[in-house]
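Undergrad: Can you read through this structure? Questions will come right after.
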Amino acid sequence: MKELIGNDWDQVLEPVFSSASYQKLHNFLKEEYASKQIYPDMYHIFTAFKLTSFKDTKVVILGQDPYHNPGQATGMSFSVNPGIALPPSLKNIYQELYDDVGCLPVKHGYLKKWADQGVLLLNAVLTVPYGHANGHQGKGWEEVTDQAIKALSERGEVVFILWGKFAQNKIPLIDESKNVIIKSAHPSPFSARYGFFGSRPFSRCNAALAKWGKRAIDWQLPVEVKVEK
């Protein structure tokens, strides 16, 4: 069995990791990393899976692909490294966090505390070339992340937070009889005012977890953080 992640996700994703299509993706990425600036660095591609094991995943916040400017990408959707300016979408997420559950905004965008509590911060595509959003779309990552979504759906009792049309295109992969889907407009400045603000995803998520007897997510982020290598 390929051990790319180091926890139970390796077993869950083994059918994909052993496939010819993944080998093709692997070869493509080797060439990309050797010839271009690709984000995140190759040691952080699977950070979301490493921080939040399959058995511990209670919530999925689905993004599209990593940030594509220097220093931003962490391997977790919507998260940026400490010391990096907050992207506009994350500023809007913080605004909704405050309005919804009273979490005070912090100056950094490092969301590891959520991951440590069972929030899988998953991008549908796990790598991106510098300055080229969606540059690795359709290269094979979707088979990996779709398999992750389907496996979690089959296990059940997961809250899927789907912001925007792209994330909501994954709804057919999710069994709504066993899971909860919370959907709204994307927190991007272009769409946040058209249904993201006021959607209360964080309190709704915790309400769903409570019905399953699961511990609520403490959404309040620490004031100071440091990146663990």
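The values are calculated or read from the model by the stated rules, or taken from the named source; none is laboratory data. Treat the numbers as computed from the prediction; the structure is a model and nothing was measured. Here the Cβ is made from the backbone with ideal geometry for all residues, glycine too, and neighbour counts use every protein chain on show. To get the accessible areas, we keep the full protein, side chains included, count just its heavy atoms, and leave off ligands, DNA and RNA. Shrake-Rupley method; radii C 1.70, N 1.55, O 1.52, S 1.80 Å.
Yes/no matrix, rows are residues, columns are (1) touching a helix residue (DSSP H, G or I) at 6+ places or on another chain (Cβ under 9 Å); (2) surrounded by 14 or more Cβ atoms within 10 Å (Cβ to Cβ); (3) farther than 16 Å from residue 115 by Cα:
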{"residue": "4", "(1), (2), (3)": "yes, yes, yes"}
{"residue": "18", "(1), (2), (3)": "no, no, yes"}
{"residue": "28", "(1), (2), (3)": "no, yes, yes"}
{"residue": "40", "(1), (2), (3)": "yes, yes, yes"}
{"residue": "49", "(1), (2), (3)": "yes, yes, no"}
{"residue": "62", "(1), (2), (3)": "yes, yes, no"}
{"residue": "96", "(1), (2), (3)": "yes, yes, yes"}
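Undergrad: Report every pair of residues separated by at least 6 positions or lying on different chains whose Cβ atoms are under 6 Å apart, first residue within segment 191-208 and over 14 Å from residue 89 (Cα atoms) and among the aliphatic types (A, V, I, L, M), second modelled with pLDDT of 95 or more and open to solvent by 10 Å² or more (accessible area, probe 1.4 Å).
TA: Close Cβ pairs (under 6 Å, with a partner that is modelled with pLDDT of 95 or more and open to solvent by 10 Å² or more (accessible area, probe 1.4 Å)) amount to 208/180.
Undergrad: How many residues does segment 75-88 hold that are open to solvent by less than 20 Å² (accessible area, probe 1.4 Å) and either at positive phi or not in a loop (DSSP other than H, G, I, E, B) (or both)?
TA: Of all residues in segment 75-88, those open to solvent by less than 20 Å² (accessible area, probe 1.4 Å) come to 75-77, 79-80, 87.
If we keep only those that are either at positive phi or not in a loop (DSSP other than H, G, I, E, B) (or both) too, we end up with 75, 80.
Qualifying residue count, segment 75-88: 2.
Undergrad: Still on this structure: With the requirement that a residue be open to solvent by 20 Å² or more (accessible area, probe 1.4 Å) and under 24 Å from residue 71 (Cβ atoms), what does segment 136-156 give you?
TA: Residues satisfying the conditions are 137, 139.
Undergrad: Being surrounded by fewer than 14 Cβ atoms within 10 Å (Cβ to Cβ), free of Cβ contacts under 8 Å to residues at least 24 places away in the same chain and either closer than 18 Å to residue 152 by Cβ or under 18 Å from the mean Cα position of the chain (by Cα) (or both) is the filter here; which residues of segment 177-190 pass it?
TA: Passing the criteria: only 177.
Undergrad: If you don't mind, another one. Given the condition open to solvent by 70 Å² or more (accessible area, probe 1.4 Å), in contact (Cβ under 8 Å) with a residue 40 or more places away in the chain and not small (Gly, Ala, Ser), answer yes or no: does some residue in segment 157-176 qualify?
TA: Filtering segment 157-176 for residues open to solvent by 70 Å² or more (accessible area, probe 1.4 Å) gives 157, 165, 169, 172, 176.
Retained after the next criterion (residues that are in contact (Cβ under 8 Å) with a residue 40 or more places away in the chain): 157.
Checking the rest, the ones that are also not small (Gly, Ala, Ser) come to 157.
Checked against the condition, which is being open to solvent by 70 Å² or more (accessible area, probe 1.4 Å), in contact (Cβ under 8 Å) with a residue 40 or more places away in the chain and not small (Gly, Ala, Ser), segment 157-176 yields at least one hit.
Undergrad: Which ranges mark the helices (runs of 4 or more DSSP H) fully within segment 2-72 that have 1 or more residues being under 17 Å from the mean Cα position of the chain (by Cα) and farther than 19 Å from residue 135 by Cβ? Lay out the reasoning, then the answer.
TA: Details: elements: 9-12, 14-17, 20-35, 47-51.
Ranges flagged: 9-12, 47-51.
Undergrad: Continuing with the same structure: If you check every pair at least six apart or on different chains, which have Cβ atoms under 6 Å apart with a residue in segment 93-109 that is modelled with pLDDT of 95 or more first and a residue that is part of a helix (DSSP H, G or I) and among the small types (Gly, Ala, Ser) second?
TA: Filtered contacts from segment 93-109: 100/203; 101/203.
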